[in-house]
Amino acid sequence: MRLQAQRERRLSVNSTKMPNCVQRIILLFSQVAIIPQTVYNEECVKKKEKVGFMQGRIIKGIAGFYYVSAENQQVYECKAKGIFRKEKLKPLVGDFVELEILDEEDKKGNVIAVLERKNTLIRPAVANIDQALVIFAAKEPNPNFALLDRFLITMERQKIPVVICINKEELFQEEEREKIQDMYEPCGYQVLFTSAKREQGIQKLREVLQNKTTAVAGPSGVGKSSLTNLLAPGIQMETGEISKKLGRGRHTTRHTQLIELEKNTYLMDTPGFTSFYVEDMEKEELRFYFPEFSPYEGTCRFLPCTHTHEPGCSVKEALENGKISKERYKNYVDMYRELEEKRRY
């Protein structure tokens, strides 16, 4: 308005020197010229009001969409900006991120930055966890200790504490229960026994999860979803039956998601697995991820000792004396040979 007034004053000073028709044309032009500027500024203000930035945490990722629980307690459906593909960085469930709000009403946005990670797992593909809860069944399907040991090695490499949970404990005989405790508790792993069917051991499990972000993993059909339903009744995860033909469960969890059990307590439910490969590791490194070997490191006759074939090996002596689980040691040797074979190619 001020600009228009100045122009009108300039026109009035020179009005005596111009014909009336010319004055009217110039005045009309001056008014039209300033209209686009006014409209543009108003649109900028409106756009600025629509766009906002805040931080949040990815709670689920499906088909390129990331669902972010933001600091305002709202969940936004987001896409990742193209820069992530350029930098070969994929946002993960559990990531703390910065997001740009595109549509507040429809809760749409873009993930524009991933904040520094505490840790990262490849399988399950998650970030920023405090511990892992690996669940196996007492029976139906029977526990696969070779698979369990591979998972434990992966966590040991990342220095992530692991709690072992054996579900369906109603199917266990007491000697079977003691066998698992004798295999893993001397290694420093906490072993819990639960029954989702009878709702046993759930309170102890809650205490272990308190004030932590816990990644839940395990084979299909062991009762992960059933236990999750007991821990977070409002979620109601899909559960599946055991295949009579294959003797194992079918996948009911198809994507990873972060579930808030209570304040500062989160559960990451992940898809089940039926195999687990130890990759990107030298065979000489493997022994350091079996905690029960630690007291004997450096005491063997020949150094460095692989604890597989060397005479005077302290680990093999402890094995013969019953201080190390025979099944755990067998799994160690099998993995060592697997890595040795892989290295040849």
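Here, each number is a calculation from the coordinates, and none is a lab measurement. Worth saying up front: this structure is predicted, and the values here are computed from it rather than measured. Please note: Cβ atoms are built from the backbone with ideal geometry, for glycine as well, and neighbour counts cover all protein chains shown.
Among the residues of region 286-332, those identified as among the β-branched types (Val, Ile, Thr) and either closer than 20 Å to VAL162 by Cβ or touching a Ser or Thr at 6+ places or on another chain (Cβ under 6 Å) (or both) are THR299, ILE324.
Quick one: which of GLU185, GLU116 is within 22 Å of VAL93 (Cα to Cα) and without any contact (Cβ under 8 Å) to a residue 24 or more places away in the chain? So that I can check it myself, show each step before the final result.
Working: GLU185 fails: within 22 Å of VAL93 (Cα to Cα).
Only one candidate passes the filter, namely GLU116.
When LYS212, LYS204 are checked against the criterion of being farther than 25 Å from TYR332 by Cα, of a type outside the set (Val, Ile, Thr), in contact with a strand residue (DSSP E or B) (Cβ under 9 Å, 6 or more places away or on another chain) and touching a residue at least 60 places away in the same chain (Cβ under 8 Å), a single residue qualifies: LYS212. Here LYS179 meets each of (1) in a loop (DSSP other than H, G, I, E, B); (2) under 22 Å from GLY201 (Cβ atoms) with one exception, condition (1). Regarding region 305-313, can at least one residue be identified that is touching a Cys at 6+ places or on another chain (Cβ under 7 Å) and exposed (fewer than 13 other Cβ atoms within 10 Å of the Cβ)? Yes, the conditions are met somewhere in region 305-313.
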